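What follows draws every value from the coordinates through simple rules; no lab data is involved. Since this is a predicted model, take the numbers as computed values, not measurements. When we count neighbours, we look across all protein chains shown, and the Cβ atoms used for this are built from the backbone with ideal geometry, even at glycine.
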Amino acid sequence: MPEEESVYNGKATMEKISSLAKRKGFVFQSSEIYGGQNGAWDYGPLGVELKNKIAAAWWKEMTRLNDNIVGLDAAILMHPRVWEASGHVENFTDPLVDCKKCKARFRADQIPPENIEKKTCPECGGELTETRNFNLMFKTSIGPVEDSSSVIYLRPETAQGIYVNYKNVAQSARLKIPFGIAQIGKAFRNEIVTKNFIFRTCEFEQMEMQFFVKPGSDEEWFDEWKKRRWAYYNKLGVKMENFRWHKHGPDELAHYAKDAYDIEYLFPMGWKELEGVHNRSDYDISRHAEYSKKDLQYIDQDDGNKKYTPFIIETSAGLTRNLLMILCDAYDEDEANGETRAVLRFHPALAPITAAVLPLVKKDGLAEIAQGIAAELKEDFNVDYDQSGAIGRRYRRQDEIGTPFCVTADYETKENGSVTLRFRDSMEQTRIHKNALAERLRKEIKEYKRIK
Ligand code: ATP
């Protein structure tokens, strides 16, 4: 069945998102003062908070809320044989073509087929080269002498660190199948990147969970993980009408996959993959057993010490791509005093700053009172203190960076300890005693429902 083409109906564009991200300190171009490094980005003060919170939400969901999933942090540099066993040396390629005239380089599967057929450049009409396969792994060398024995790769995915450690992890953590291992970390791919901001980059972060199951139960677990990953995004308070499943057809399936679905998100530039859920069969562990000549079979103590090679269900999400999704999803505009203003409607659990504490005016001791409130809240939340400019403008600045709650200390605070608590989305305000703030914020975060 052909997938229906939905039209993006949000207010974000890649230009608006990338310019807001730069202006407010979410994401900067890498090495900007030298003209920028293609495919690499730096996360600024707000960006690093947002990224950490997205990672923390995923980590909590996968490890803390599952008794049988544990964490791992494997090295980026691995033995080069890993990438032979995994199939990456042989298969991890993209088809490339170059324009002989304007020198532009394209992925052959990402330009219209007629350009490939007629060998004409989609940009300048010049002649294209033959399609050739290009390996996406970054190759470097280890040690002082650069020769064929010093070749080492920057990992193109975090998953292999999990596979080669699965016995260490299972034995040390006393895990029985079914169990999972979760990992967040950097991955590197020599991609051609020209547009779409941080969507596709050469250096990025992944959040991967590999779930080890008994052969024969894999299809059931595959369906279960599809359900759980969908429910996870729902919990993040994002717009679920912008999510859909895409099943890989036979010609899209990776060399290791028995079945694969992508969770796609409707970005301003169209539907794009956000996360993959894959049934990897027993491919990975069998290959590592073959290449390492180690017995990597699982011994099932609950089934008469029967040995088998586990099947793996993988959930593989991009952390940095999730951050782009969260920015696009949160982006909204509204009108105030005839002006269009940007608002980021983050879930309060993900917002880089949870609460801003603002004195109504700086004088008459209000600044000190507000600073005291901020200091108390900082123990539990990311708090911003801001005393400069008119109060309306300070609210606006917080809306623009997605701060869900503003706390204002005024003259009444001096008298009875009450403050104004303002909500970003409804712009409603309520009065509350300052000592009750922390508990109220916790409740608001837990019970948050998106209203806009
Ligand atoms: P694509 O088809 O977009 O190249 P893929 O199918 O190769 O992606 P996987 O290898 O399944 O992707 O990687 C899992 C996840 O890692 C993707 O869903 C995506 O979120 C993220 N990811 C992969 N490549 C990149 C990249 N170059 N930049 C940012 N994120 C990436």
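Worth a mention:
- Exposure proxy order (Cβ contacts within 10 Å, fewest to most) of TRP221, TRP245: TRP245, TRP221
- Extension gain from SER292 to LYS214, taking 0.36 nm per residue of separation minus the Cα-Cα distance: 25.9 nm
- Placing unit charges on the Cβ atoms only, positive for Lys and Arg and negative for Asp and Glu, gives the range 353-446 a dipole magnitude near 140 debye about its Cα centre.
- Taking MET207, MET78 and counting other C-beta atoms within 10 Å, the order from fewest to most: MET78, MET207
- Kirkwood-based shape ratio for the range 81-202, expressed as Rg/Rh from alpha carbons: 1.11
- Local electrostatic count at THR413 - Lys and Arg +1, Asp and Glu -1, tallied over other residues with Cβ under 12 Å: -2
- Centre separation in Å (Cα based) which lies between the range 352-405 and the range 181-231: 38 Å
- Look at LYS307, LYS239 and count the other Cβ atoms within 10 Å of each Cβ; fewest to most, that gives LYS307, LYS239.
- Summing charges over neighbours of TRP245, with a neighbour being any other residue whose Cβ is under 9 Å away from its Cβ, gives +1 when K and R count +1 and D and E count -1.
- The dipole here belongs to the chain: it is taken about the Cα centre, uses +1 on the Cβ of Lys and Arg and -1 on the Cβ of Asp and Glu, and is about 880 debye.
- Shape descriptor for the chain: Rg over Rh equals 1.02 (Cα atoms; Rh from the Kirkwood inverse mean 1/r).
- Gain in span if fully extended, ASP251 to HIS79, counting 0.36 nm per residue against the direct Cα distance: 58.9 nm
- Exceeding the 23 Å Cα-Cα cut-off - candidates LYS186/LYS272; LYS16/LYS446; LYS53/LYS239; LYS118/LYS139; LYS167/LYS214; LYS118/LYS247: LYS16/LYS446; LYS118/LYS139; LYS118/LYS247
- Whole-Å distance, taken between Cα centres, linking the range 36-62 and the range 95-137: 33 Å
- Against the compact-protein benchmark of 2.2 N^0.38 Å, the Cα-based radius of gyration of the range 310-419 scales to 1.37.
- Taking Cβ separations below 4.7 Å as the criterion for a possible disulfide partner, the isolated cysteines in the chain are CYS202, CYS328, CYS406.
- Stretching the chain fully between CYS124 and ARG105 yields a gain of 5.7 nm (0.36 nm per residue, less the alpha carbon separation).
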